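Heads up, the thing below is written out as structure tokens.
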Amino acid sequence: ERCQPRQDSPAGQDPPAAPSAGPWSLDDILGEEDEQDRVPLQKLKLLGESQELRDLLLNPHLRQLLLTLDQAQDKSSLLRKLMQEPLFVEFADCCLGIVEPPEKENVLPE
């Protein structure tokens, strides 16, 4: 008997690809209750353009913290611990300042 190659899917077809927007979509990671916490994609792109944020990410200690957080099972309790780390707080503040710039209050007109 000759072995026939298995054909689980039609020839030339790979498993369904991720959406073209990226490796995941926001709907994959956020539920309905998170709707008001979403940051528009345009503002997220500003993170990649920030020299201040890039400079922070050159720090190997910060990169290790972020990797640990990304791989953690219990992200919320780890995040609470990380918010005690001045370096992580600086990173978080930098990100927030980019996506939610402080309102320009108390600025005297020129």
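The values are calculated or read from the model by the stated rules, or taken from the named source; none is laboratory data. As the structure is a computational prediction, the values presented were derived from the model and not from experiment. Counting neighbours? That spans all protein chains shown, and the Cβs are built from the backbone with ideal geometry, glycine included. Side chains included, ligands, DNA and RNA excluded: accessible areas come from the protein's heavy atoms. Shrake-Rupley method; radii C 1.70, N 1.55, O 1.52, S 1.80 Å.
Which condition does Q84 not pass, out of (1) in a loop (DSSP other than H, G, I, E, B); (2) surrounded by 11 or more Cβ atoms within 10 Å (Cβ to Cβ); (3) modelled with pLDDT of 95 or more, if it passes all the others?
(2)
Can you tell me which residue is most open to solvent (accessible area, probe 1.4 Å) among those in the stretch 60-81 that are polar (S, T, N, Q) and part of a helix (DSSP H, G or I)?
Within the stretch 60-81, the match that is most open to solvent (accessible area, probe 1.4 Å) is Q71.
Kindly list the number of the only condition in (1) modelled with pLDDT under 85; (2) open to solvent by 100 Å² or more (accessible area, probe 1.4 Å); (3) in a helix (DSSP H, G or I) that fails for D34.
Result: D34 passes all but (2).
Under 8 Å between Cβ atoms, at least 6 apart or on separate chains: pull out the pairs that start in the stretch 62-74 with a residue that is within 20 Å of P86 (Cβ to Cβ) and end on any residue that is basic (K, R).
Note: pairs meeting the criteria are L69/K75.
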